[in-house]
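Before anything else, here's the structure in question.
The values are calculated or read from the model by the stated rules, or taken from the named source; none is laboratory data. All values reported here derive from a predicted model rather than from experimental measurement. FYI the Cβ positions are ideal-geometry reconstructions off the backbone, even for glycines, and counts take in every protein chain you see. Keep in mind that these areas ignore ligands, DNA and RNA; they rest on the heavy atoms of the full protein, side chains included. Shrake-Rupley method; radii C 1.70, N 1.55, O 1.52, S 1.80 Å.
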Amino acid sequence: MRRALLALLALIVLAAPAAASAACPRTTLPDLEDEVMCLVCREPLQQSPDAPQAQRERALINSLIAQCKSKSEIKAALVQQFGDRVLALPPSKGFSLSAYVVPGLAVVAALAAIGAAAVRWRRRRPPPPPAAASGGDSARLDADLERYEL
């Protein structure tokens with residue numbers, strides 16, 4: 001009976017860290033580096049390895065990962081610490097929504113212009129038939145053709 005209790009206790013003690021790590025979201029620094037900007041370099045965090053500001057941001061991200069924070073919680077903490085400019089993509093609300101809407105509207109306008117130009121091009125009138133040659137021109141043309149023996 002004692003052995004069974006000791007085995008059960010050992011199983012619980014060994015399984016507890018595994019269960020705790022399974023509950024922690026698997027967020028990594030490389031997963032976040034392309035979605036977060038270095039505020040000094042104005043480029044993604046993964047492309048600015050030596051900047052002191054980038055190192056501070058990485059240290060904050062690593063400490064939040066160690067606290068088992070999720071990706072969205074880490075981004076929220078970065079925004080709270082450094083402001084909206086730290087995110088690579090602008091938020092999809094307010095004036096920043098125009099970063100998503102304007103390109104779509106430009107594509108729609110370009111397609112409409114191409115369609116209108118195609119319809120207009122298709123509706124062109126056929127060219128007028130060539131003017132008939134007068135009697136004098138016809139006789140001169142016949143004489144030229146005879147001279148060249150065609």
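Would you call residue 123 surrounded by fewer than 13 Cβ atoms within 10 Å (Cβ to Cβ), modelled with pLDDT of 80 or more and charged (D, E, K, R)?
It is true that residue 123 is surrounded by fewer than 13 Cβ atoms within 10 Å (Cβ to Cβ), modelled with pLDDT of 80 or more and charged (D, E, K, R).
Sticking with this one: Would you please name the residue that is nearest to residue 24 (Cα to Cα), looking only at residues in the stretch 55-77 that are under 23 Å from the mean Cα position of the chain (by Cα) and hydrophobic (A, V, I, L, M, F, W, C)?
Filtering the stretch 55-77 for residues that are under 23 Å from the mean Cα position of the chain (by Cα) and hydrophobic (A, V, I, L, M, F, W, C), the one nearest to residue 24 (Cα to Cα) comes out as 74.
Any chance you could count how many residues in the stretch 27-63 are among the aliphatic types (A, V, I, L, M), within 19 Å of residue 84 (Cα to Cα) and without any contact (Cβ under 8 Å) to a residue 24 or more places away in the chain?
Counting residues in the stretch 27-63 that are among the aliphatic types (A, V, I, L, M), within 19 Å of residue 84 (Cα to Cα) and without any contact (Cβ under 8 Å) to a residue 24 or more places away in the chain gives 5.
Right, something else. Could you count how many residues in the stretch 36-79 are among the polar types (S, T, N, Q), surrounded by fewer than 18 Cβ atoms within 10 Å (Cβ to Cβ) and not in a helix (DSSP H, G or I)?
Counting residues in the stretch 36-79 that are among the polar types (S, T, N, Q), surrounded by fewer than 18 Cβ atoms within 10 Å (Cβ to Cβ) and not in a helix (DSSP H, G or I) gives 2.
Yes/no per residue for (1) modelled with pLDDT of 85 or more; (2) open to solvent by less than 100 Å² (accessible area, probe 1.4 Å); (3) out of contact with any strand residue (DSSP E or B) (no Cβ under 7 Å at 6 or more places or on another chain):
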site	(1), (2), (3)
91	no, yes, yes
95	no, no, yes
108	yes, yes, yes
137	no, yes, yes
142	no, yes, yes
149	no, no, yes
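Please name all residue pairs, on different chains or six or more residues apart, with Cβ atoms under 8 Å, provided the first residue is in the stretch 99-126 and is within 30 Å of residue 89 (Cβ to Cβ) and the second residue is open to solvent by 70 Å² or more (accessible area, probe 1.4 Å) and of a type in the set (Ser, Thr, Tyr).
Short answer, once both residue conditions are applied: 100/92.
Spot the failing condition for residue 87; the list is (1) farther than 16 Å from residue 34 by Cα; (2) open to solvent by less than 70 Å² (accessible area, probe 1.4 Å); (3) among the aliphatic types (A, V, I, L, M), and only one is missed.
Exception for residue 87: condition (1).
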